[in-house]
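Comments concern the structure below.
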Amino acid sequence: MKDYAGPIELSLRINGETRRVQARPGDSLLRLLRERLGLTGTKCGCENGDCGACTVLVDGAPIKSCMALAVECEGSDILTIEGLRGHPVQKAFAVENGFQCGFCTPGMILNAVALLSAHPEEDEEADREWMQSNICRCTGYEGIRLALASARRSLKD
Ligand code: FES
Ligand code: FES
């Protein structure tokens, strides 16, 4: 049994690579990614579970990494924005102007990847509900809506 009183070594699979890293018992997955692994594409907005900027996929499911303890993720498969280079969803966000500030965008793209895997067919209601967990404070969601539609088409081709 692991002793969680002090720093512990965790083994995680991140973007297809096994990484061993020291973590404190109270470290969030967000802090582990950014501060210990240098994966700063995952952003810290509120650190309170509200904004979605820190969204990553853990075993395929979108989670807000500020709300997950790193130790809970031992042995999990984690996908961050760094692991998505050239992905159709990322391209669609760029082409359709689905991003503005770039701060919220990594989390939105990861959440969109999970959405399109769960709902491969056109479903605007599912899109609206699913993407509610990612807040954009700068403009609106039209570009994001177009990016989702475009990504769905690309994923089918
Ligand atoms: S930083 Fe995690 S939800 Fe805002
Ligand atoms: S994309 Fe970041 S506030 Fe709108």
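Tabulated results
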quantity: Helical mean residue ellipticity (222 nm; -39500 (n - 2.57) per DSSP H run of 4+; nearest 500) of the chain; calculated: -8500 deg cm²/dmol
quantity: Net charge of Cβ neighbours under 14 Å - reference R13; Lys, Arg +1; Asp, Glu -1; calculated: -3
quantity: As computed over segment 83-156, the Cα convex hull volume per residue (Å³); calculated: 80 Å³
quantity: Highest average packing first - 36-42, 64-70, Cβ atoms within 10 Å; calculated: 64-70, 36-42
quantity: Scattering curve values for segment 1-151, log₁₀ I(q)/I(0), Debye with Cα scatterers, q = 0.09, 0.13, 0.18 Å⁻¹; calculated: -0.28, -0.56, -1.00
quantity: P(r) weight above 22 Å for segment 8-82, C-alpha pairs, percent; calculated: 9 percent
quantity: Proxy reagent accessibility, fewest Cβ within 10 Å first, across R153, R31; calculated: R153, R31
quantity: Average Cα contact separation per residue, segment 8-82, under 8 Å, 6 or more apart, as relative contact order %; calculated: 39 percent
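No lab work stands behind these numbers, since they all come straight from the coordinates. Keep in mind that this is a model prediction, so the values were computed, not measured. For neighbour counting, all protein chains shown are included, and Cβ atoms are generated from backbone atoms with ideal geometry for every residue, glycine included.
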